[in-house]
Every structure is written in C-alpha cells, then in structure tokens.
1. Looking at (1) aromatic (Phe, Trp, Tyr); (2) out of contact with any Gly (no Cβ under 9 Å at 6 or more places or on another chain); (3) surrounded by 11 or more Cβ atoms within 10 Å (Cβ to Cβ); (4) free of Cβ contacts under 8 Å to residues at least 40 places away in the same chain, find the lone condition where Phe70 falls short.
2. For Gln44, work out the one condition from (1) exposed (fewer than 13 other Cβ atoms within 10 Å of the Cβ); (2) within 12 Å of the chain's Cα centre (by Cα) it doesn't fulfil.
3. Hey, any hits in segment 21-30 for a residue that's under 15 Å from Lys8 (Cα atoms) and either among the aromatic types (Phe, Trp, Tyr) or without any contact (Cβ under 8 Å) to a residue 40 or more places away in the chain (or both)?
4. Look at segment 13-25 and say how many of its residues are of a type in the set (Val, Ile, Thr) and surrounded by 12 or more Cβ atoms within 10 Å (Cβ to Cβ).
5. With Gln54, Gln44 as the choices, which residue is modelled with pLDDT of 95 or more and either in contact with a Phe, Trp or Tyr (Cβ under 9 Å, 6 or more places away or on another chain) or at negative phi (or both)?
6. Would you check if Glu9 is surrounded by 13 or more Cβ atoms within 10 Å (Cβ to Cβ) and either in contact (Cβ under 8 Å) with a residue 12 or more places away in the chain or among the hydroxyl-bearing types (Ser, Thr, Tyr) (or both)?
7. Which members of segment 8-34 meet the condition of being closer than 22 Å to Ser72 by Cα and part of a helix (DSSP H, G or I)?
8. Among the residues of segment 35-47, write down those that are free of Cβ contacts under 8 Å to residues at least 12 places away in the same chain, assigned to a helix (DSSP H, G or I) and within 20 Å of Val71 (Cβ to Cβ).
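The values are calculated or read from the model by the stated rules, or taken from the named source; none is laboratory data. Treat the numbers as computed from the prediction; the structure is a model and nothing was measured. Because the Cβ atoms are built from the backbone with ideal geometry, glycine has one as well, and the counts that use them run over all protein chains shown.
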Amino acid sequence: MSAIKYRKEIDRVFEVLRTPFMSDYTFHELKVNIGEEFGLTYEQMNKDIEEGVQNGFSPEFQIKMFKDLFVSYSK
C-alpha cells in the first residue's frame, strides 16, 4: 500500500459526515462502512484527488466542491 498523500484533505471530506453526538468509534465505523459500500477508501480517494490535481484542480478546491455538493444535497 502506498502512502496517502492527501490524508488531511480526505479526513476533511469525512468530517462533513460526522454529527456532534457521534463517538470516535461510531465515526470510524461509518468510514469503514462507506468504504465497503461505495468504494470510498482512502486509497481510492487519494487517487481521485491526484487525478484532479493533474487536471488542474487543487486539493482544496476539490474538497470545497465535495462539501458544497454534499451540503446542498443533504438539505
């Protein structure tokens, strides 16, 4: 397994899904379940962010777009 270059950015993506009452264990389980259900593993997300960077989109821009999309979808 290669190093996760964009770990901080990926953590910020997952933080969007965390609720104030969620324990660390529950949050960890949520991330595991999302990974299993949707293939959103750290490795895959890291590859996706890297692809975006190669196409001219900064990691920060990509995370902001995801957050904006998620927040607007969840309303």
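1. (4)
2. Just one mismatch for Gln44, condition (1).
3. The initial filter retains those residues of segment 21-30 that are under 15 Å from Lys8 (Cα atoms), namely none.
Checked against the condition, which is being under 15 Å from Lys8 (Cα atoms) and either among the aromatic types (Phe, Trp, Tyr) or without any contact (Cβ under 8 Å) to a residue 40 or more places away in the chain (or both), segment 21-30 yields no hits at all.
4. The number of residues fulfilling the criteria is 2.
5. Values: Gln44 fails: modelled with pLDDT of 95 or more.
Answer to the check: Gln54.
6. Numbers: surrounded by 13 or more Cβ atoms within 10 Å (Cβ to Cβ): yes; either in contact (Cβ under 8 Å) with a residue 12 or more places away in the chain or among the hydroxyl-bearing types (Ser, Thr, Tyr) (or both): yes.
Spelling it out, Glu9 is indeed surrounded by 13 or more Cβ atoms within 10 Å (Cβ to Cβ) and either in contact (Cβ under 8 Å) with a residue 12 or more places away in the chain or among the hydroxyl-bearing types (Ser, Thr, Tyr) (or both).
7. Residues satisfying the conditions are Glu9, Ile10, Asp11, Arg12, Val13, Phe14, Glu15, Phe27, Leu30, Lys31, Ile34.
8. Phe38, the sole residue that qualifies.
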